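Nothing in this text is a laboratory measurement; each read-out follows from the coordinates by a stated rule. All values derive from a computational prediction rather than experimental measurement. With ideal geometry, Cβ positions are generated from the backbone for all residues, glycine too; neighbour counts draw on all protein chains shown.
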Amino acid sequence: MTATAVAEDLVAKLRAHRLQTLNELYARNGEPSDAIVNKHTSHLTPLLEEFIRASPFFLVATADAEGACDVSPKGDPPGSVKILDRRTIAIPDRPGNRRIDGHRNVIANPHIGLIFIIPNVDETLRINGRAFLTADSELLASMAIDGKTPKLAIVVEIDEAYMHCARAFLRSGMWEPDTWPDPATVPTLRAIMCEQKDLPPPDESQGKRQEEYRSILY
């Protein structure tokens, strides 16, 4: 039997045991309490705003018109995300690879999800809402770094904001240096891309992670 056939058999077996209803899900997972179901607010409180201002890294989840999803990491110095009011934040867009998957998704489908992360803090902040792209010059000028102004910003109108508990970070040991791998043992972006496209592996004899983009941040 070929590897493809084995994989197809495994997927078929797993699919035969898939959960298809909420009742099946709750029977196996349990039902959340009312306090958990209703823990979100539709606006930011002062402490939620403080959490956002302290966060240098966050994840942005979007989906296209057909529901195909994308998650993109974003990072900037703490305080770079602008809190416009209790229900609105703005995210500067910095130089990237121009695939703009998330931007294309927002144009087709405004629903967006964010997770804000602070190094060495186990809890995270989740925000769900609706987004649009803006080229407002005054807003963009307020987001400049090193004299470089972003070309656009993502404005998020908040529907839900709530904190997420620490279990995922505790299980992973994310902030425990003793658990961190040696970067030299982890495949590089360039090596992985070459493998994906059946290209010769890159020359990493002078060291890994020497990509040019590392010097072009703004």
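Normalise the Debye intensity by I(0) for region 131-185, one equal point scatterer per Cα, no solvent, then take log10 at q = 0.16, 0.17, 0.30 Å⁻¹ and round to two decimals.
The calculated log intensity ratios at q = 0.16, 0.17, 0.30 Å⁻¹ are -0.78, -0.78, -1.21.
Tell me the trypsin sites (Lys or Arg not before Pro) within region 32-138 that lie in a loop according to DSSP and have at most 10 other beta-carbon atoms within 10 Å.
R98, R99
So what is the relative contact order of region 56-132, in percent, for Cα pairs below 8 Å that sit 6 or more residues apart?
Here the relative contact order equals 35 percent.
Once you put a point 7 Å from the Cα of T179 and another 7 Å from the Cα of S33, both along the Cβ direction, what distance in nm separates them?
Result for the modelled spin labels: 2.6 nm.
Relative contact order of the chain, please, whole-number percent, based on alpha carbon pairs below 8 angstrom and at least 6 residues apart.
Values: 302 pairs, mean separation 39.4, N = 218.
It comes to 18 percent, rounded to a whole number.
Who wins for biggest fluctuation among E123, E204, E157 in a Gaussian network model of the chain, springs between alpha carbons below 10 Å?
E204
Before rounding to the nearest 500, sum -39500 (n - 2.57) across all DSSP H runs of length at least 4 in the chain and divide by the residue total; then give [θ] at 222 nm in deg cm²/dmol.
-7500 deg cm²/dmol
Quote the relative contact order of region 126-218 in percent (integer), defining contacts as alpha-carbon pairs under 8 Å separated by 6+ residues.
Averaging sequence separation for qualifying contacts and normalising by length gives 25 percent for region 126-218.
Pick from P202, P56, P150: which residue has the top mean-square fluctuation in a GNM of the chain where Cα pairs under 10 Å get a spring?
Looking only at P202, P56, P150, the biggest GNM fluctuation is shown by P202.
Regarding region 39-143, what is the average projected area of its C-alpha convex hull, in nm²?
Mean projected area of the Cα convex hull: 7.2 nm².
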